[in-house]
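To keep things clear, I will list the structure first and then write my remarks on it.
The values are calculated or read from the model by the stated rules, or taken from the named source; none is laboratory data. All values derive from a computational prediction rather than experimental measurement. Neighbour counts are summed over all protein chains in view; Cβ atoms, including those assigned to glycine, are modelled from backbone coordinates with ideal geometry.
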Amino acid sequence: MKRFIVILTMILSLPVLSFCQDNGWIRVSESQNGSESFINRNQITKTGDSLKVWVKYIEKGKDKARTIAEEMKFENNKGKSKWVNYEFEKTLILYDCNNNRCRVLEIIDYDKDGIVLASTKNNDPKDWHTIVPDSSGEKIFKAVCGID
C-alpha cells in the first residue's frame, strides 16, 4: 500500500510538459530531476463510466535512486539486488472523469532489459484519490479524459 501512495504522490505532484514519443506513447510530464510520465492514447479503455489507461514512468536522478533504495529495504536478498537494474514502471490507473478522481489498479516495475522486477495489484474498490489541481496528475487526467 505504501508503494501505491508513493506512486500516487508522484502522479499528482510533478511539473508538466507535453511532447510526443514513439510507439503511441505521449509524454505528459517531466520532473525537475528529469523523470518522465507517458500515456498511450491508443490503449485507453472504457470500464463503466470510467477510463482505464497504462501510465509509464521513467524515473531519473534522485527519483530513481529513491525508488531503488525504497525497494531494496524490503528485499531479503543478501547478494546483489535486482533493483540496481531498475529502469521504469507501468501503472494501470482507472480515471473517473465525471468525479475528478483516480484509482491505481496495478504497478509493474521493469529492469533495463524489460524484465519484470515486481508486480503489485490493488483490489480495494474504495481506494479512490482526488485529482490535485495544477499537477502532473491533473495533466494525465485531462489527457486521458479528453479535457482541454
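Within the range 1-55, the set of residues being at pLDDT 90 or above, surrounded by fewer than 18 Cβ atoms within 10 Å (Cβ to Cβ) and either of a type in the set (Gly, Ala, Ser) or within 24 Å of Phe74 (Cβ to Cβ) (or both) is empty. Of all the listed residues (Ile140, Ile107), the sole one being in a strand (DSSP E or B), under 13 Å from Trp54 (Cα atoms), among the aliphatic types (A, V, I, L, M) and in contact with a strand residue (DSSP E or B) (Cβ under 9 Å, 6 or more places away or on another chain) is Ile107. The residues of the range 29-49 that are touching a residue at least 40 places away in the same chain (Cβ under 8 Å) and touching a Phe, Trp or Tyr at 6+ places or on another chain (Cβ under 6 Å) amount to a single one, Ser37. Within the set Ile140, Ile58, Ile108, the sole residue that is in contact (Cβ under 8 Å) with a residue 12 or more places away in the chain and touching a helix residue (DSSP H, G or I) at 6+ places or on another chain (Cβ under 8 Å) turns out to be Ile140. Can you tell me which residue within the range 43-89, out of those that are in contact with a Lys or Arg (Cβ under 9 Å, 6 or more places away or on another chain) and hydroxyl-bearing (Ser, Thr, Tyr), is farthest from Lys142 (Cα to Cα)? Only one residue tops the list, namely Tyr86.
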